[in-house]
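Take a look at the structure below.
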Amino acid sequence: MSTVALTHAPGQSRAVPRLLIGLAFALTAIFVVAPLAFIFWRAFAEGWAVYLKNIADPLVLHAIWLTTLVAVIVVPVNIAFGIAVAWAIARFRFPGRKLLMVLIEIPFSISPIIAGICYLLLYGRQGLLGPWLAAHDLKVMFALPGIVLVTMFVTAPFVVREVLPLMQAQGSEQEQAAVTLGARGWQVFSRVTLPNIRWALLYGAVLCTARAVGEFGGVSVVSGSIRGQTNTLPLQIELMFNDLNTTGAFAAASTLTVIALVVLVVKAALESRR
Amino acid sequence: MTIRKLHVAALALMLGSSPALAQDKILNVSYDIARELFEALNPEFQAHWKEKTGRDVTIDQSHGGSSKQARAILEGLPADIVTFNQETDVDVLAQNGLVAENWREALPNGASPYYSLPAFLVRKGNPKGIKDWSDLARDDVQAVFPNPKTSGNGRYTYLAAYAYALTQEGGTPETAQEFVGKIFANVPVFDTGGRAATQTFAERNIGDVLITFEAETKGIAKQYEVQGFEAVTPATSLFAAFPVAVVAENAEKNGSTEVSTEYLNWLYSPEAQDTLAENHYRTTDEAVTAKYAAEFPEVKLLTVDEVFGGWQKVQDEHLAEGGILDKVFVNQ
């Protein structure tokens, strides 16, 4: 009912909407485009040679590798988890279903640093499971498992959030039809369910990747910042910045930005297909 | 030249971490701004260890705010040694049994192989003529330093200013509080950490003087060479220890007690001390100190023990909620 009024109210000049649109563009330019452009401008401030030298630094390369590794572990797990949970919630009625929906949203509302601290207090040396882990010589905190766990926590809702509404909207008629035609469980999933949700799934996976690659707060708590071992790219950027290696920090940041931009482009492409 | 040095160090790190038999390995957990320092020191120690024992040693580095680092070690970060910039952070580890109770006596100079002091960095030509702490309380001088509530660096600045005022003729806790309050009142912005304060001063051109560790002032002056900042060491300042300790529990578990102990002892050797002096830290070795005397102006150093009666008292009387620091902040 208000859509008409929003585009152009009778008796109102066209200047107002134009002004608002201009304002939106201006704000976007100031708050989003300018900082992004600044990253690249600073990264190349001392020329290509210095840029490449900064990127080729073994510690930066290791950080890029570690960040990629974390994403490669986290994203598939989240996809599997996301589908399973969305499937359970959309297709079945069981006690605690609403609670499960709420629980899955928790990582969205909790600051990642709190997630990091919780894991630390659980798995750390003084934590609940700490003594047991230490006795069995299992390293969780300040090692890859801790980083992966926290990243998983932070990114847990992304796939579910995209897939679940679609599954609920589509209903289960097609799946039921497949079952009556004699399809087995796996066949139903791979021939009917998966094709139906594939764009939402990809979209969720892309968002999940972007978040996993960029996660700072939670990882910062459990990483231990051991250079060349547990420093992810965002942490490496902070350390370089603290080392007064501003150009290097921006060079490393530019790689992260490129990843984010690629993800954005993929996301936009997916959106247009939905 | 620094970039080349970095490269050599990075190469050494890479080579050092390639798998080999009879590997010794230590994790040095350190404060956030010490990366270049240890990149310079570690290859030298690796050569020293090879010469002494015929074995290779890998040295891993972790850098972060030293309180955060202490916390991480309490939660299991497997540090073999700590090289911090706050004594209280080593005390925390000692209280939890990870570091020997008497760690201060385990090594010379209160287990601080090198030290520094709060000093000034002023703009080119020192236009405001800032020479000593008294200049900071002038109405026309804006000082920049990190928030003492969040930064160990800022805490030292606060304590040094307070100690200076207290030890002047007729100095009392009241005059000291008034003096520090005057400095605080002219601080245009309190950043949370030392690096942010540096950015405020050097890149945003705010303030007339940056207060930070002397070792830092010289490093920053070099980093921002074009701007021509000048390091100024006041006539009086506060001794800032850079304490080191073996994290005994971890070292025993990792079988690295021998190499960890040797690393810390080696920091007192003329070779290591020379590198420390090159990185603008004040040294304990007499010959090295004499060699670099021209770079380090004479300064009357007060200590936390003699002025404040120890770190515990500083904590209770100054830094605790509602303490003197809070009062000074409110009264500005």
Under-5 Å amide H pairs with B:Asp56, H placed in peptide plane, nonlocal only: B:Asp24
Sequence-distant residues sharing a close amide H with B:Leu238 (under 5 Å, placed H): B:Leu302
Farthest toward positive dipole pole in the protein assembly as shown [+1 Lys/Arg, -1 Asp/Glu at C-beta], among B:Ala137, A:Ile259, B:Ala277: A:Ile259
Dipole-positive endmost among B:Tyr156, B:Ala241, B:Ala100 within chain B (Cβ charges, Cα centre): B:Tyr156
A:Met167, A:Met101, A:Met141, A:Met240 arranged by Cβ crowding within 10 Å, fewest neighbours leading: A:Met101, A:Met167, A:Met240, A:Met141
Dimensionless Rg/Rh of the stretch B:234-273 - Kirkwood Rh, Rg from C-alpha atoms: 1.19
More than 22 Å apart - percent of Cα-Cα pairs taken over chain A: 68 percent
Loop sites in the stretch B:232-326: trypsin sites (Lys or Arg not before Pro), DSSP, at most 16 other Cβ within 10 Å: none
Rounded to 5, the percent of DSSP beta bridges in the protein assembly as shown classed as antiparallel: 50 percent
Peptide A:54-65, shielding by other chains (average Cβ, 10 Å cutoff): 2
Dipole magnitude of chain A about its Cα centre (Cβ charges: Lys, Arg +1; Asp, Glu -1), debye to nearest 20: 700 debye
Amide hydrogen neighbours beyond the local backbone of B:Val232, cut-off 5 Å, H modeled: B:Phe120, B:Leu121, B:Val122
Principal axis dimensions, chain B - Cα atoms, whole angstrom, descending: 64, 44, 34
Pairs of alpha carbons in the stretch A:68-200 whose separation is greater than 27 Å (percent): 35 percent
Given charges at beta-carbon only (K, R positive; D, E negative), |dipole| of the protein assembly as shown in Debye: 3420 debye
Charged-residue dipole, Cβ positions (Lys, Arg, Asp, Glu), the stretch B:242-332 about Cα centre, Debye nearest 20: 260 debye
Estimated [θ] at 222 nm from DSSP helical runs (n ≥ 4, -39500 (n - 2.57)) normalised by residues in the protein assembly as shown, nearest 500: -18000 deg cm²/dmol
Gaussian network model of chain A, springs between alpha carbon atoms under 10 Å - residue of A:Ala135, A:Ala115, A:Ala183 with greatest fluctuation: A:Ala135
Average Cα contact separation per residue, the stretch A:1-134, under 8 Å, 6 or more apart, as relative contact order %: 6 percent
Relative contact order of chain B, pairs being alpha-carbon contacts under 8 Å that are 6 or more residues apart, as %: 22 percent
Spread of Cα-to-Cα distances over 10 Å intervals beginning at zero, given as percent, for the stretch B:17-155: 10, 30, 30, 18, 10, 3, 0
For chain A, built as a Gaussian network whose Cα springs stay under 10 Å, the top-fluctuating residue of A:Ile21, A:Ile55, A:Ile117: A:Ile21
Cleavage-rule hits, GluC sites (Glu not before Pro), the stretch B:137-234, DSSP coil, Cβ neighbours within 10 Å at most 16: B:Glu169, B:Glu203
Where only C-alpha atoms are counted, convex hull volume of the stretch B:204-275 per residue in Å³: 167 Å³
Coarse-grained scattering of the protein assembly as shown at q = 0.09, 0.12 Å⁻¹, given as base-10 log I(q)/I(0) from a Debye sum over alpha-carbon atoms: -0.84, -1.29
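No value in this document is a laboratory result; all are computed from the given coordinates. Computed from a prediction, not measured in an experiment: that's the story for all the values here. Here the Cβ is made from the backbone with ideal geometry for all residues, glycine too, and neighbour counts use every protein chain on show.
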